[in-house]
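Following: one structure in structure tokens, then a few remarks.
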Amino acid sequence: MTEARDARAAAYEIRTHGSVRELGEAAYRALLEPATPPFLRFEWLDALERTGCVAPKRGWLPMHVGIYEDGELVAAAPAYVKGNSEGEFVFDHSWARFAEAELGISYYPKLIVAVPFTPATGPRLLVKSGRARETLAGVLSQALAGICKQAKLSSAHILFPTAAESALYTEHGLLARHGVQYHWHNPGYASFDDFLARFNAKKRHQIRRERRELEDRNIVLDVLSDKTLGPEQADFIHDFYVATVDKFPWGRRYLSRAFFEQVCSSMPDALHVVVASERGSKKRLGGAFNLLGKERLFGRYWGALAEVPFLHFNVCFYKGVEEAIARRLGGFEPGAGGEHKVARGFEPTVTHSAHFLADRRLREAIARHLVAERTAVDEHVSEAEPVLKP
């Protein structure tokens, strides 16, 4: 247990928990808002733990941070002790090499405040309604330093918080880092054709040709969600998931079939599974596993069980955009990487992380590095050639 240290935070108590269930399901749910992204729901985090996708033997030890006032849970942050940097998507391998080779200190284990295997933006500190987020962000910032000292961890890293939340952490001394993803933003499109109208003629023709390819091959795209999605779909989802991760040397089977079965059973309303199949035979050719929030769609995994031209673009991008427009969502985050998304209407967007490093020498060296890195990232985003017309 670590006590928060400044006068404003004196009333708060910090506890760490070895599972999300230790926080208490009802108490955890009381921290969520209608717009909280689905990957922060109790069911999602619990499924990761109960199916063994996050476990010490997998390099993930849950150490969730609870902030209590008079014994009541008023804020929480999902957190994990890591013995490596896999499945995080904010890459710090060079930091680890520098710490160990140049400073002679161990970089692992470390603590991350994040959702495993999920490079999607959202709150990382869940705060009970009516409580001051600004104060509690300061409490968490101080608590991370205390946890690292007590547990002998080199550092703590808050990954993919919102821009506003990240700013709160930097006010309390954490180091700000910027990255880039390609997101689709919805200014209020009425239809997919309305979206296409913002491209030049050449780009519009290209996208229409790529969408028409599936029609010419008698391939249809359907969406399974809520009442049309159940645990019986776990085999198909797992099959197309491993079809992709097994294709690349760096691929990792982070998620198990049991995980997909559990979330399809416990939270189908927050899942959005795109299925590509032959029109006549109904043979499934591939699909995408997305998460459906109240305000945004989040692309997570995709895979093809057959090679079909432009299947990836249709399943992962165009169907998601079409669905986001129909559901009047504010945006669509299709996942990490991929400058090819720009040509399909996704725009470079700054992502955020915040970092505490216990060793002064390491902290100062990384702080200097981050100044240059933030400048480069911000210039890249601001100078990117727009594909969509105003």
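Here is how the numbers come out for the structure above:
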read-out: One residue from E379, E322 being charged (D, E, K, R), over 21 Å from the mean Cα position of the chain (by Cα) and in the same structural domain as S155 (by TED's automatic domain parsing); value: E379
read-out: Any pair with Cβ under 7 angstrom, 6 or more apart, that starts in segment 313-330 at a residue that is under 13 Å from F298 (Cβ atoms) and ends at one that is surrounded by 22 or more Cβ atoms within 10 Å (Cβ to Cβ) and of a type in the set (K, R); value: L329/R296; G330/R296
read-out: From G130, G179, residue being free of Cβ contacts under 8 Å to residues at least 60 places away in the same chain, outside any helix (DSSP H, G or I) and either of a type in the set (S, T, N, Q) or out of contact with any Pro (no Cβ under 7 Å at 6 or more places or on another chain) (or both); value: G130
read-out: The listed residue being touching an Asp or Glu at 6+ places or on another chain (Cβ under 6 Å) and over 30 Å from H369 (Cβ atoms), out of A35, A26; value: A35
read-out: Failed criterion for K247 (all others in (1) of a type outside the set (V, I, T); (2) part of a helix (DSSP H, G or I); (3) surrounded by fewer than 20 Cβ atoms within 10 Å (Cβ to Cβ); (4) not assigned by TED's automatic domain parsing to the domain that holds I14 hold); value: (2)
read-out: Selected residue (only one of P34, P109, P62 is touching a residue at least 40 places away in the same chain (Cβ under 8 Å) and crowded, with 21+ Cβ neighbours inside 10 Å); value: P62
read-out: Segment 250-279 - residue that is more than 15 Å from N290 (Cβ to Cβ) and without any contact (Cβ under 8 Å) to a residue 60 or more places away in the chain and, of those, surrounded by the most Cβ atoms within 10 Å (Cβ to Cβ); value: E261
read-out: Test: residue in segment 201-211 that is under 22 Å from E323 (Cβ atoms) and not in a helix (DSSP H, G or I); value: no
read-out: Considering residues of segment 65-106 that are in a helix (DSSP H, G or I) and of a type in the set (A, V, I, L, M, F, W, C) only, the residue surrounded by the fewest Cβ atoms within 10 Å (Cβ to Cβ); value: A101
read-out: Single unsatisfied condition, F298 versus (1) under 30 Å from I105 (Cβ atoms); (2) in a strand (DSSP E or B); value: (1)
read-out: Criterion: out of contact with any strand residue (DSSP E or B) (no Cβ under 8 Å at 6 or more places or on another chain), within 21 Å of T118 (Cα to Cα) and either at pLDDT below 95 or assigned to a helix (DSSP H, G or I) (or both) - qualifying residue of E33, E43; value: E43
read-out: Out of V54, V81, V74, sole residue that is under 14 Å from L125 (Cβ atoms) and either basic (K, R) or touching a strand residue (DSSP E or B) at 6+ places or on another chain (Cβ under 9 Å) (or both); value: V74
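The values are calculated or read from the model by the stated rules, or taken from the named source; none is laboratory data. All figures in this text were calculated on a predicted structure; none of them were measured in a lab. Glycine gets a Cβ as well: all are built from the backbone with ideal geometry, and neighbour counts include every protein chain shown.
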